[in-house]
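A quick write-up on the structure given underneath.
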Amino acid sequence: MNANSVYGQITDRIITLLEQGTVPWQKPWKIRTGLPRNFTSKKSYRGINVFLLITMGYESPFWLTFRQVSALGGRIRKGEKACPVIFWKQLKIADEKSEEPKKIPLLRYYHVFNLAQCEGLDPTTATEDTSPSCAFRPDAILADMPQPPSIQHGMVRACYYPGIDRVDMPAKERFDHEGGYFSTLFHELIHSTGHEKRLKRTTLIESTGYGSNPYCKEELIAEMGAAFLCGQAELAERTVDRSAAYIKHWLEQLQNDQTLIVQAAAQAQKATDYILGRT
């Protein structure tokens, strides 16, 4: 299956969820129950895969391919359906200007099943997560961010200004709960990672304002990144928008650009890793 078909399949899945009233990147999770991760390797899934797997609704965080289930002597329960997850494969091609082959990332996918969909497997063998997915205190995420922007409290609205590298925030007391304050702050901090002195993200640097393609993608990156950070901080209560107008807006954007959701999630993961100090 070529990359366009993979983008299309993942986008169609997200569109279906939106049409059902579920906004995948606004679904909270708890680190204690676990980010979705592979049963065999113990590694956490990343990017869009996190949202795809969480919205399946299973309590167990563990997932396996059909081949992994078979290798462990288990089996898939009759009638169970798999969930697609994506990965990037490095394709080597000849480079006329160099003796070394050129590497091109190629989008691919495979299917996984939740542990609850399987029989004949011992769940106690999957107890360790080797990925850096332990919980962080919300205030520690801000305090430990490398090269953080300046933050100005007591402002009318939350906003990030790239020109002066500053985040404006209303006073913390104006929010109904702690989760609402930090989810809003995390959204703006994700925006700030796109600054030229950090990740130099084109969707921030080249944005021409509301409604432009870079602006829409940058907003989706910030929303997904805030969700990742809220998950790391174990914040179940967040400032979210599930209105019909909000969902309609993202349905239109995804229908116009099948690469949007996958690429935005990848950039959101990269921004999250930056804030958490991960390489």
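The values are calculated or read from the model by the stated rules, or taken from the named source; none is laboratory data. The structure presented is a predicted model; accordingly, all values stated were derived computationally and were not measured. Quick reminder, even Gly has a Cβ in these numbers, built from the backbone with ideal geometry, and neighbours come from all protein chains shown. Accessible surface areas use protein heavy atoms only, side chains included; no ligands, DNA or RNA. Shrake-Rupley method; radii C 1.70, N 1.55, O 1.52, S 1.80 Å.
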Can you confirm whether Thr130 is at pLDDT below 95, surrounded by 10 or more Cβ atoms within 10 Å (Cβ to Cβ) and closer than 30 Å to Leu235 by Cβ?
yes
Spot the failing condition for Tyr161; the list is (1) among the hydroxyl-bearing types (Ser, Thr, Tyr); (2) free of Cβ contacts under 8 Å to residues at least 40 places away in the same chain; (3) within 18 Å of Asp241 (Cβ to Cβ), and only one is missed.
(3)
Among the candidates Leu17, Leu107, Leu35, residue that is outside any helix (DSSP H, G or I), in contact with a helix residue (DSSP H, G or I) (Cβ under 8 Å, 6 or more places away or on another chain), modelled with pLDDT of 90 or more and open to solvent by less than 60 Å² (accessible area, probe 1.4 Å)
Leu107
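Each row is one residue, and each column tells you yes or no for (1) assigned to a helix (DSSP H, G or I); (2) within 26 Å of Phe136 (Cβ to Cβ); (3) out of contact with any Leu (no Cβ under 9 Å at 6 or more places or on another chain); (4) open to solvent by 20 Å² or more (accessible area, probe 1.4 Å).
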{"residue": "Ser183", "(1), (2), (3), (4)": "yes, yes, no, no"}
{"residue": "Pro214", "(1), (2), (3), (4)": "yes, no, no, yes"}
{"residue": "Cys230", "(1), (2), (3), (4)": "yes, yes, yes, no"}
{"residue": "Ala236", "(1), (2), (3), (4)": "no, yes, yes, yes"}
{"residue": "Val240", "(1), (2), (3), (4)": "no, yes, yes, yes"}
{"residue": "His249", "(1), (2), (3), (4)": "yes, no, yes, yes"}
{"residue": "Leu254", "(1), (2), (3), (4)": "yes, no, no, no"}
So is Val112 in contact with a His (Cβ under 8 Å, 6 or more places away or on another chain) and under 30 Å from Phe39 (Cβ atoms) or not?
no
Provide a single number: the residues in the stretch 41-53 that are open to solvent by 30 Å² or more (accessible area, probe 1.4 Å) and out of contact with any helix residue (DSSP H, G or I) (no Cβ under 7 Å at 6 or more places or on another chain).
3
Residue count for the stretch 56-86, restricted to those that are without any contact (Cβ under 8 Å) to a residue 40 or more places away in the chain, within 25 Å of the chain's Cα centre (by Cα) and surrounded by fewer than 15 Cβ atoms within 10 Å (Cβ to Cβ)
2
Consider His187 carefully, then state whether it is touching a strand residue (DSSP E or B) at 6+ places or on another chain (Cβ under 6 Å), closer than 24 Å to Arg46 by Cβ and part of a helix (DSSP H, G or I).
no
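Rundown of residues vs (1) in contact with a helix residue (DSSP H, G or I) (Cβ under 6 Å, 6 or more places away or on another chain); (2) at pLDDT 95 or above; (3) surrounded by 12 or more Cβ atoms within 10 Å (Cβ to Cβ), yes/no style:
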position: Asp165; (1), (2), (3): no, yes, yes
position: Pro170; (1), (2), (3): no, yes, yes
position: Gly179; (1), (2), (3): no, no, yes
position: His191; (1), (2), (3): yes, yes, yes
position: Glu196; (1), (2), (3): no, yes, no
Residues of the stretch 59-102 being part of a strand (DSSP E or B), at pLDDT 85 or above and not hydrophobic (A, V, I, L, M, F, W, C), in sequence order, are Arg75, Pro84, Lys89, Gln90
